[in-house]
Each structure stands twice: as C-alpha cells, then as structure tokens.
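Inspection log for the structure reproduced underneath, given as structure tokens.
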Amino acid sequence: AQSVAQPEDQVNVAEGNPLTVKCTYSVSGNPYLFWYVQYPNRGLQFLLKYITGDNLVKGSYGFEAEFNKSQTSFHLKKPSALVSDSALYFCAVRPSLSNSGYALNFGKGTSLLVTP
Amino acid sequence: GAVVSQHPSWVICKSGTSVKIECRSLDFQATTMFWYRQFPKQSLMLMATSNEGSKATYEQGVEKDKFLINHASLTLSTLTVTSAHPEDSSFYICSAREGREISTDTQYFGPGTRLTVL
C-alpha cells in the first residue's frame, strides 16, 4: 500500500521567513513524489516532483523539496515566504512500478498562511 | 505547463437530475484521465481512472452506474452524475496525464467543478 502523511493541518509563517511543509511517505519500491498547491475553489497546480537523481528538487514559484530516503520524507521548502504563497499544499506519492497504475495518492493537505 | 479545462465551473441542479462535467486537455493528448472528488477542507479522493477508448476503472466504493465516465477522445473525458442527490454535492476535479513513460509523465489538474444538488 502507498500513502503519504502530512502531519500539520496548518503552518503559519511571517512573510520573508523560510517555510517548510512536511510530508512523509510509505510505498513499496522506489517512490515518485509530488507537491501540488491549491488556491480556493481552484484545481491543483503542479509545483515539483522527485523521480530519481538529485535529492534536492527545484520547482515552480521558488519552491524546492528535499527527498530523504532514510527518513522517508519529502518536505517542501521556500527560503522566503510571500503572502501570495498562502494556499493549501498537497503532497502525493505514486509507486515507480508501472503495474501499480498511474493515479496519485494524496495527503490530507496542509494549509499555509503567510502573514504580512 | 500543460492546461486542463473543466466545464462547467459550477452547477446547481435539482435532486434527481443528471449533470455532465467535461474535462479537456487543451494542448496535449492524454491517454489517461482521472476523476477526483474533494470534500471541504479534505484531500482528493480518486473516483476512477479513465483510459481513452476503454471502460473506466472505478475505485472501491464508487458506484459506476451513478458516476458514468466516458473518455471518447485523447483530449476529452466526461463525468455524468446520474440521478443526483444532495449527498453528491462536492467539488469534482479531473486530471490528465501527459506523457507515456511512468518516469517522465506529469498529471495536470483542471480547475474543478462545484456541484450543488438541491
């Protein structure tokens, strides 16, 4: 079975400070990991993904995520938060085995609030 | 990135009527599309996987006769909620898979459709 856990329902950070949104995963085999962002009443926007290679993945809007195999984590980070980053963030996993299907398994989401 | 559209963006209907939601990949061909349902402040729940030219694969607990999915072309999938009831009210989101290789593909999501059944 594959799953992701986002332990924080909400993360609050002041504008200009670094932010981290946590995600841990459980999957058979090597994982494919994703981060998506959702603004109110909108669909999900792709931020970044980890497939293989460099553990530090850079994505859209200045976000990056670090894959840590020993801790089974894939935390989302940004060096300096913006008020416009306030949104709902979803971590997702998909096993790398092709016979496992292509659907993503999402975490419950973390609401990020960046205050001025 | 690639663009996926959904129509309508919102719909209000009476109980017992059917509602069709369209999902289109605008600038790429999608061999696989997915339909998700999202309740307020909750995660996305996969309803079904739709492959072009074949029957959809439904997740456990999702009634295939209630949620009819048609993937008529590589750029269009439709979800029809038949005989809708208030408990079907939700935010429905589709996604389309771009690319054929599992190591390089990406799922792009539509903006969602808010369904309210009175």
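The values are calculated or read from the model by the stated rules, or taken from the named source; none is laboratory data. If you're wondering where the values come from, they're calculated on a predicted model, not measured in any experiment. A quick note on method: Cβ atoms are made from the backbone with ideal geometry, for glycine too, and the neighbour counts reach across all protein chains shown.
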Requested in this report: Please work out if B:Leu79 is in a strand (DSSP E or B) and crowded, with 23+ Cβ neighbours inside 10 Å.
Outcome: yes
Query raised in the report: How many residues are modelled with pLDDT under 95 and closer than 24 Å to A:Trp35 by Cβ when one looks only at region B:7-30?
Result: 5
Query raised in the report: What is the number of the single condition among (1) free of Cβ contacts under 8 Å to residues at least 60 places away in the same chain; (2) away from chain B (no Cβ under 14 Å); (3) not basic (Lys, Arg) that A:Ser80 does not meet?
Result: (1)
Report summary line: Counting only residues that are at the interface with another protein chain (Cβ under 9 Å from one of its Cβ atoms) and either part of a loop (DSSP other than H, G, I, E, B) or more than 17 Å from A:Leu112 (Cα to Cα) (or both), region A:35-52 contains a total of 6
Query raised in the report: Taking only pairs six or more apart or across chains, which ones have beta-carbon atoms under 7 Å, a first residue in region B:82-93 that is within 14 Å of chain A (Cβ to nearest Cβ), and a second residue that is exposed (fewer than 12 other Cβ atoms within 10 Å of the Cβ) and part of a loop (DSSP other than H, G, I, E, B)?
Result: B:Ser90/B:Phe39
Query raised in the report: Can you tell which of A:Pro7, A:Pro18, A:Pro40 is within 18 Å of B:Met45 (Cα to Cα) and loosely packed, with under 12 Cβ neighbours inside 10 Å?
Result: A:Pro40
Report task. Quick one: count up the residues across region B:106-118 that are facing another protein chain (nearest Cβ under 7 Å) and surrounded by 18 or more Cβ atoms within 10 Å (Cβ to Cβ). Result -> 6
**Report entry** Unique residue being farther than 30 Å from B:His7 by Cβ, of a type in the set (Phe, Trp, Tyr) and touching a strand residue (DSSP E or B) at 6+ places or on another chain (Cβ under 7 Å) when the list is A:Tyr102, A:Tyr89, A:Tyr50, A:Tyr39
**Finding:** A:Tyr50
**Report entry** Positions within region A:19-34 being within 14 Å of chain B (Cβ to nearest Cβ) and free of Cβ contacts under 8 Å to residues at least 60 places away in the same chain, in sequence order
**Finding:** none
Query raised in the report: When the residues of region B:1-15 are filtered to those that are exposed (fewer than 12 other Cβ atoms within 10 Å of the Cβ) and within 14 Å of chain A (Cβ to nearest Cβ), which remaining residue is farthest from B:Pro111 (Cα to Cα)?
Result: B:Gly1
